Amino acid sequence: MSRNAIELQGVEKFYGGFHALKRASLSVSLGERVVVCGPSGSGKSTIIRCINRLEKHDGGRIFVGDVELGDDLRNLDAVRREAGMVFQQFNLFPHLTVMENCALPQILSRGTRRKAAEENARAYLDRVHILDQAEKYPGQLSGGQKQRVAIARALCMRPKIMLFDEPTSALDPEMIHEVLDAMTELAEGGMTMMVVTHEMGFARSVADRVVYMEAGEIVETGPPKEMFGNARDPRTQRFMSTIAASA
Amino acid sequence: MNAPGAVYNYIEPQLPPHIARKPLLKIVFGDFLSATLTIVAIAIILSILPVLNWALINAHWNVASPAECQDGGACWAFIRAKARLIMFGLYPPGEQWRAVAVILLILAMILASLSPRLWNAKLLAVWATAIGVMLILMGGGIAGLRFVPTSKWGGLPVTLLLAVLSLGLAFPLAVLLALGRRSPLPVIRSISVAVIELVRGLPLVGLLFVAAILLPLLLPAGWTIDKLGRTLAALTIFAAAYLAEVIRGGLQGLDDGQIEAAEALGIPYWKMIWHIVLPQAIQNVIPPLTNTAIVMVKNTSLVLIVGVFDMLSAARSATTDPAWPAPSTEAYMFVALIYFLICFGISLYSRHLELKVSARAHG
Ligand SMILES: Nc1ncnc2c1ncn2[C@@H]1O[C@H](COP(=O)(O)OP(=O)(O)OP(=O)(O)O)[C@@H](O)[C@H]1O
Ligand SMILES: [Mg+2]
């Protein structure tokens with residue numbers, strides 16, 4: 001297969017009359033790590049949510065692996081299997097233990113047997129160093145622990161691509177690094193990742209490419225060094241200098 | 001650590017703070033409010049005394065003939081004499097062990113279902129089987145059991161069956177109505193709203209009349225549905241409308257992120273509803289759910305107006321025995337006690353569930 005892991009061609013998205021994505025085009029190749037940044041309301045969440053079809057795009061084409069997103073429900077299942085998602089607010093299931101959070105989705109969407117699902121869950125919980133909390137409920141964990149469980153839960157579905165929407169924005173500063181560490185380890189394992197984040201340290205050390213968005217447009221993409229040091233577009237330069245100043 | 005030569009500043013021992021002692025009279029009649037409360041309390045105690053006197057001291061527990069109950073004390077002997085009638089209605093006396101078995105089976109099933117851990121499809125199947133067994137036990141006609149028509153069913157088994165079945169059948173209906181009311185499809189949404197609002201706008205008594213009297217007239221000739229069945233249908237749809245609104249409240253309290261996470265994990269819609277959405281929605285509304293359950297248990301007593309022989313009707317008919325002098329207070333108190341035990345049990349259980357949920361949320 002020669003296709004990219006993710007391919008967006010002139011994607012348009014409207015919320016009512018509001019134009020949230022304007023002819024957004026982007027390709028992410030297998031094993032590539034892409035960081036998306038941009039000011040609030042620029043469409044970062046929208047673009048990520050269109051990729052696993054939590055939002056429907058209104059124009060252009062989106063391919064995930066071999067599959068084109070459209071109204072075909074079988075394709076939807078295929079895409080959801082392909083792409084795992086980690087949310088800013090964790091979105092763990094509060095009525096289930098950590099173990100059940102990781103095991104139940106495998107059972108429900110893949111028909112995995114419970115025993116295999118739990119074994120798999122244990123393996124991934126161990127990978128994000130949180131196996132010792134397996135029998136607790138999410139309400140009993142810290143934010144950083146919750147986000148690591150959320151990562152393990154997504155990994156349990158064995159996705160080829162991982163999407164992260166501001167995974168550390170809801171965390172207290174002292175917990176950010178444990179989540180970034182887990183993500184870095186994941187990147188080292190060769191996972192294709194698309195991460196919305198303003199953690200420039202993470203972008204510098206992990207990203208192959210940084211995408212800058214503003215007002216629904218992809219303004220510029222490039223390697224982190226270039227984007228942070230000498231971006232071509234003045235809009236990118238302005239944004240990069242403001243976050244460099246605040247960091 | 002105690003470093004050598006350290007200087008300690010001991011706190012001087014002190015007497016406990018002085019509490020001003022008020023004379024009893026001042027506490028009880030000190031100001032206008034306490035005086036009023038005292039008088040009201042005394043009045044209440046005094047008014048209860050004759051009741052206690054009637055219920056316990058002058059009461060007759062054991063009498064050789066009903067005439068002994070003439071002198072005004074409570075006649076609990078009447079309950080002893082009529083217990084079978086109140087508990088089982090007109091159910092044939094020789095077959096009453098079957099009614100007892102049904103009561104025990106219901107209680108056993110409820111006890112076995114208390115732990116939320118066991119709430120799964122298997123338990124549902126067990127319940128369905130148990131209900132089938134209960135209906136066979138009550139009705140007979142197969143397995144060598146004498147046939148007993150539903151018109152002969154009565155008393156506590158009918159009350160319990162109506163309560164359990166109406167709530168049990170109403171629940172899935174209520175879930176569908178609640179989901180339908182939030183559906184993005186206008187047709188489904190309007191149907192759900194119409195059913196919920198129509199049923200909530202009708203008094204239960206009216207609905208029972210429609211089911212018991214009007215429905216047989218409306219059905220094509222040759223169609224008959226058992227009266228107990230029609231009554232059950234009316235109770236079910238009534239409970240469903242109220243439960244639907246309670247569950248809708250629970251759904252509204254659910255974070256959208258939960259559904260997005262389930263979708264992103266590829267969990268199919270109905271499995272998501274069953275495993276992710278409903279458990280949380282229900283947890284959010286345990287108190288109003290309990291409330292509706294209790295109201296519905298008591299509502300089953302209204303079936304008496306369409307001639308279904310529940311426990312209250314049975315007690316009423318027991319009081320019409322001319323041999324006993326005016327025993328209706330005793331009969332109603334006895335029935336009230338049984339209703340109270342059921343409803344209080346539901347209350348205690350819901351408190352237990354709530355504590356469990358909150359322990360999980362803030363461990
Ligand atoms: N469901 C919606 N309905 C209407 N407008 C929406 C909806 N979701 C997003 N928007 C709008 O679309 C624009 C882009 O939103 P998006 O969430 O993608 O921004 P973002 O770049 O992720 O911002 P943030 O950094 O604040 O998360 C915003 O102006 C937002 O108000
Ligand atoms: Mg966002």
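Laboratory data are not the source of any read-out in this text; all were calculated from the coordinates shown. All figures in this text were calculated on a predicted structure; none of them were measured in a lab. Cβ placement follows ideal geometry from the backbone for every residue including glycine, while neighbour counts extend to all protein chains displayed.
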Problem - Given 16 as the ceiling on other Cβ atoms within 10 Å, longest exposed-site-free region of chain B for trypsin sites (Lys or Arg not before Pro) in DSSP loops - result: B:183-363
Completion exercise
Stokes-Einstein, Kirkwood over Cα pairs, the stretch B:247-363, 20 °C, 1.002 mPa s; D in µm²/s equals 121
Exercise for the section: Would you be so kind as to identify which of B:Gly72, A:Met157, B:Leu337 lies farthest towards the positive end of the dipole of the protein assembly as shown, taking Lys and Arg as +1 and Asp and Glu as -1 on Cβ and the Cα centre as origin? Expected result: B:Gly72
Exercise for the section: Taking trypsin sites (Lys or Arg not before Pro) as candidate sites, keep only those in a DSSP loop with at most 12 other Cβ atoms within 10 Å, then name the longest stretch of chain A containing none of them. Expected result: A:114-231
Fill in the blank from the handout: Mean per-residue count of partner chain Cβ within 10 Å for A:68-80 equals 1
Fill in the blank from the handout: Listing B:Ile39, B:Ile188 by rising number of other beta-carbon atoms within 10 angstrom, fewest first, gives B:Ile39, B:Ile188
Completion exercise
One finds the C-alpha centres of the stretch A:157-193 and the stretch B:286-304 to be spaced, in Å, by 50
Handout entry: Test item: A:93-103 mean partner chain Cβ contacts at 10 Å
Key = 3
Handout entry: Lysine pairs meeting the criterion (Cα under 16 Å, 8 or more apart or interchain), as found in chain A
Key = 7
Exercise for the section: Quote the charge dipole size of the stretch B:15-82 about the Cα centre in Debye, to the nearest 20; the model charges only the Cβ of Lys and Arg (+1) and of Asp and Glu (-1). Expected result: 300
Problem - Within chain A, helix-based [θ] at 222 nm, where runs of 4 or more DSSP H residues each add -39,500 (n - 2.57), nearest 500 - result: -12500 deg cm²/dmol
Fill in the blank from the handout: So for R0 = 41 Å, FRET eff. of A:Ile243-B:Glu197 from the Cβ-Cβ r, to 0.05, ends up at 0.20
Problem - Residue-averaged [θ]222 nm for chain B, counting only DSSP H segments that reach four residues, each worth -39500 (n - 2.57) - result: -20500 deg cm²/dmol
Handout entry: Principal axes of the stretch B:99-142: Cα extent on each, largest first, Å
Key = 36, 18, 7
Fill in the blank from the handout: Here the whole-number average of other chain Cβ atoms within 10 Å per Cβ of A:104-110 is 6
Handout entry: P(r) histogram, all alpha-carbon pairs of chain B included - 20 Å bins from 0, percent
Key = 21, 43, 25, 9, 2, 0
Exercise for the section: Jot down the radius of gyration and Dmax of the stretch A:12-96, Cα atoms only, both in angstrom. Expected result: 13.8, 41
